[in-house]
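Step one of this worksheet: look at the structure below.
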2 protein chains.
Amino acid sequence: MEKPRVGLKDVARLAGVSVKTVSNVVNGYVHVTSATRSRVEAAIKELNYRPNLSARNLRQGRTGIIALAVPELDIPYFAELARLVVSAAEERGLTVLIDQTGASREREQLVAEGFRAHLIDGLIFSPLALTPEDLAARMDDTPMVLLGERVYDGPADHVVVDNVAAAKEATLHLAATGRRRIAAIGAQDDVAAETSRLRLAGYFEALAEVGLPADDRLVQHVDTYHRADGARAMARLLDCGQAPDAVFCFNDLLALGALRTLLERGHDVPGDVALAGFDDIEDGRYATPTLTTISPDKQAIARQAVDQLAARMAKGSQAEAREIRVPYELMIRESTGG
Amino acid sequence: MEKPRVGLKDVARLAGVSVKTVSNVVNGYVHVTSATRSRVEAAIKELNYRPNLSARNLRQGRTGIIALAVPELDIPYFAELARLVVSAAEERGLTVLIDQTGASREREQLVAEGFRAHLIDGLIFSPLALTPEDLAARMDDTPMVLLGERVYDGPADHVVVDNVAAAKEATLHLAATGRRRIAAIGAQDDVAAETSRLRLAGYFEALAEVGLPADDRLVQHVDTYHRADGARAMARLLDCGQAPDAVFCFNDLLALGALRTLLERGHDVPGDVALAGFDDIEDGRYATPTLTTISPDKQAIARQAVDQLAARMAKGSQAEAREIRVPYELMIRESTGG
DNA sequence: AACGTTGAATACAACGATGTATAGATGAGC
DNA sequence: GCTCATCTATACATCGTTGTATTCAACGTT
């Protein structure tokens, strides 16, 4: 019943060679006679030997594991991203360990400070609540790539989408369909909520450009970016007396929540109210009406993040922090009359 | 530029004590004078020392990591499950590494055969394409808990929902609303598709119980369980001449896809066609109409799986394989006129 | 005063793998 | 026939940590 852990030693004994020779076979070292090699391979198969990664990693100082830290896995945007990151990492022989921060500052600090130190070789991090100070205070020197707009001056690589431009483009599109009272759902009070600030900025830029007044009552604040927040915010908009004729939601979940409220109350979308989101999650493509949205190139985000992280792990930290810009696209669908 | 890896040795030198004493402090060993302890703690902080997990794991023979192997992370059901498993594991001090099998038999075989051997202490596995033979051939002795109906006689623990009873209940509910032509979407040809078979069985049982004929043309087969498959299957149902007045979809994604097709073609739900799903993912609660569905207690699934796995890891493999049944609930919502 | 008991700290070996140095075997070249 | 180079395989040290055995001092007991 005890664990008969099998190691190089056991294989070596069975094959009648030294431990190092077995190691050499396992690692594909060239100078091994084919006779010895096949004898060793037979022994490996017979004992069902698997290298012990802890030991290998201890010796080599690397684990081959990178962490992906996201707020929540069941937010579809992050789920889709996670899948792509895992695939991209796999192609490079890396294993991904996913950490959920729950968007809590405390958990994000832990991650940044490297509580997984020595377990991971690198970190892809999508922070929500972390302040620039937190990040500046980071002691851990594990290579890290941040996802999200570059707001920190620290020496960290970023993979970003131009949130301001994208939000502006979405809002302009709403205006182009003839809407005059364009609301926004997704503003946040938290100073660390950078994404929110940038998308809000884009929204205001667009309003200014087309000469529409900025009306504070049309800007709805939310605590988080879930469907329920969008639904409640939409209800507030409808109850405030002057209903909007278009809403730009800062992500698709907010938009889907808002859509639910609108349909529930008998409003026609896009007839009465046009709706645009951000992220292009699959849900939006199957909602009725289908959801107009900003589609960041998630595939590119994942690939660039992994590539950049791999480069950083190889080169060490001396290299300059890079900012990698990833393209996006406005997907016009039924919710804005597309 | 080199990495100045700091280990117990360095802390010990700085604090003027032996390596083991530092280790004792780190591990909270009792018999250390508070004077020594604080000296060591100061040194630890000064050097920003982090224990090397590879070394610790090598020594202890455990890694504290368990794997969760699911088909796809961006299937909401698995994303929600993943979040809950990660949380449950965390409470026990375990870290979760997520593997995506892509529902490919090859990848699932790899997982079952323990290609993560020595990296993980245990495995929670939700197989889709694996055959009983594959599982019987499993050599690796890493503790494993399977999610999904118990179809294998092998010595593996299972956490299951009674798929037959649940599917039957959903179908009976559709019949109880007066529907006569109740279709099913989600049958699969693959012999390994156990979930599909069980839900189909429940569907037929319900039809028999209420005296409705089983019509093969009303049973739609799909390749996978994504929205697109549901949408296509619904289209086939509508095009076959005799449209159904109710559809039981074997998961919520299929139902959401079907819903999209129905609304797109101008059918009223639930007026013309009632719709029920399975899984109770959040999307369904915000769709319009909201989706009637079977809600498995995911929280219980996650907790039971982690608990059972932890027990198995502690006790070794001698204990009997257990089957743990988790409750479900029929959530009646708008799509069936709730 | 001699004793055992307990507390505090230590030295050493071991976990399983790999890098380095090296020994012995084989062959090439003169 | 001898040296030198190359190939094959080995012994040993090492990565950072913790379990075991041990040392040494201080204490209370008889």
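The values are calculated or read from the model by the stated rules, or taken from the named source; none is laboratory data. The structure presented is a predicted model; accordingly, all values stated were derived computationally and were not measured. Backbone-built Cβ (ideal geometry, glycine too); neighbour counts: all protein chains shown. Heads up: the accessible areas ignore ligands, DNA and RNA and are worked out on the full protein's heavy atoms, side chains in. Shrake-Rupley method; radii C 1.70, N 1.55, O 1.52, S 1.80 Å.
Take the residues in region B:121-139 that are part of a loop (DSSP other than H, G, I, E, B) and either more than 14 Å from every other protein chain (Cβ to nearest Cβ) or open to solvent by less than 20 Å² (accessible area, probe 1.4 Å) (or both); name whichever of them is farthest from B:ASP189 (Cα to Cα). Checking each candidate, the answer is B:SER126.
Could you please find all residues in region A:241-250 being touching a strand residue (DSSP E or B) at 6+ places or on another chain (Cβ under 6 Å) and away from every other protein chain (no Cβ under 14 Å)? Matches in region A:241-250: A:PRO244, A:ALA246, A:VAL247, A:PHE248, A:PHE250. I'm told A:GLY148 meets every condition in (1) under 18 Å from A:VAL326 (Cβ atoms); (2) buried (at least 22 other Cβ atoms within 10 Å of the Cβ); (3) not assigned by TED's automatic domain parsing to the domain that holds A:GLN242 except one. Can you identify the failing condition by its number? Of (1) under 18 Å from A:VAL326 (Cβ atoms); (2) buried (at least 22 other Cβ atoms within 10 Å of the Cβ); (3) not assigned by TED's automatic domain parsing to the domain that holds A:GLN242, only one is false for A:GLY148: (2). Assessment of region B:24-44 against the conditions (more than 21 Å from A:THR95 (Cα to Cα), modelled with pLDDT under 95 and at the interface with chain A (Cβ under 9 Å from one of its Cβ atoms)) yields no matching residue. Of everything in region B:103-118 that is open to solvent by less than 20 Å² (accessible area, probe 1.4 Å) and facing chain A (nearest Cβ under 8 Å), the residue that is farthest from DNA strand C (Cβ to nearest atom) is B:GLY114. Count of region B:278-332 residues, restricted to those that are within 13 Å of chain A (Cβ to nearest Cβ) and either in a loop (DSSP other than H, G, I, E, B) or within 30 Å of A:HIS267 (Cβ to Cβ) (or both), is 17. Can you find a residue that is more than 9 Å from chain B (Cβ to nearest Cβ), in a helix (DSSP H, G or I), among the aliphatic types (A, V, I, L, M) and within 14 Å of DNA strand D (Cβ to nearest atom) anywhere in region A:85-96? No, there is no match, as no residue in region A:85-96 is more than 9 Å from chain B (Cβ to nearest Cβ), in a helix (DSSP H, G or I), among the aliphatic types (A, V, I, L, M) and within 14 Å of DNA strand D (Cβ to nearest atom). Taking the criterion of being open to solvent by 70 Å² or more (accessible area, probe 1.4 Å) and not small (Gly, Ala, Ser), the residues of region B:305-338 that qualify are B:LYS315, B:GLN318, B:GLU320, B:ARG322, B:GLU323, B:ARG325, B:PRO327, B:GLU329, B:ILE332. Just one of the listed residues (A:LEU253, A:LEU238, A:LEU263) is surrounded by fewer than 22 Cβ atoms within 10 Å (Cβ to Cβ) and within 13 Å of chain B (Cβ to nearest Cβ), namely A:LEU263. Of all the numbered requirements in (1) farther than 30 Å from A:ALA129 by Cα; (2) at pLDDT 95 or above, A:PRO4 misses one, and that requirement is (2).
With respect to being closer than 30 Å to A:ILE124 by Cα and either open to solvent by less than 60 Å² (accessible area, probe 1.4 Å) or in contact (Cβ under 8 Å) with a residue 60 or more places away in the chain (or both), A:ALA246 falls outside the description. Within region A:50-75, the residues that satisfy the criterion of being at the interface with another protein chain (Cβ under 7 Å from one of its Cβ atoms) and assigned to a helix (DSSP H, G or I) are A:LEU53, A:SER54, A:ALA55, A:ASN57, A:LEU58. Quick one: is A:ALA193 more than 14 Å from chain B (Cβ to nearest Cβ) and open to solvent by 20 Å² or more (accessible area, probe 1.4 Å)? In short, no. One residue stands out among those in region A:54-68 that are among the aliphatic types (A, V, I, L, M) and touching a strand residue (DSSP E or B) at 6+ places or on another chain (Cβ under 7 Å): the one that is nearest to DNA strand C (Cβ to nearest atom), which is A:ILE65. Mind checking whether some residue in region A:221-231 is out of contact with any Asp or Glu (no Cβ under 7 Å at 6 or more places or on another chain), open to solvent by 10 Å² or more (accessible area, probe 1.4 Å) and farther than 20 Å from A:GLY148 by Cα? Scanning region A:221-231, I find at least one residue that is out of contact with any Asp or Glu (no Cβ under 7 Å at 6 or more places or on another chain), open to solvent by 10 Å² or more (accessible area, probe 1.4 Å) and farther than 20 Å from A:GLY148 by Cα, so the answer is yes.
Of all the residues in region B:69-87, those that are in contact with a strand residue (DSSP E or B) (Cβ under 9 Å, 6 or more places away or on another chain), open to solvent by 10 Å² or more (accessible area, probe 1.4 Å) and of a type in the set (A, V, I, L, M, F, W, C) number 2. When A:HIS158, A:HIS173 are checked against the criterion of being over 18 Å from the mean Cα position of the chain (by Cα), touching a residue at least 60 places away in the same chain (Cβ under 8 Å), surrounded by fewer than 24 Cβ atoms within 10 Å (Cβ to Cβ) and not in a loop (DSSP other than H, G, I, E, B), A:HIS173 stands alone in meeting it. The set of residues from region A:19-49 being without any contact (Cβ under 8 Å) to a residue 12 or more places away in the chain, open to solvent by less than 60 Å² (accessible area, probe 1.4 Å) and part of a loop (DSSP other than H, G, I, E, B) comprises A:GLY28, A:VAL32. Kindly indicate whether A:PRO143 is farther than 16 Å from A:VAL326 by Cβ, touching a Ser or Thr at 6+ places or on another chain (Cβ under 9 Å) and outside the structural domain of A:MET234 (by TED's automatic domain parsing). Answer is yes for this residue. Checking each residue in region A:1-53 for being within 7 Å of DNA strand C (Cβ to nearest atom) and among the polar types (S, T, N, Q) picks out A:SER23, A:ASN27, A:ASN52.
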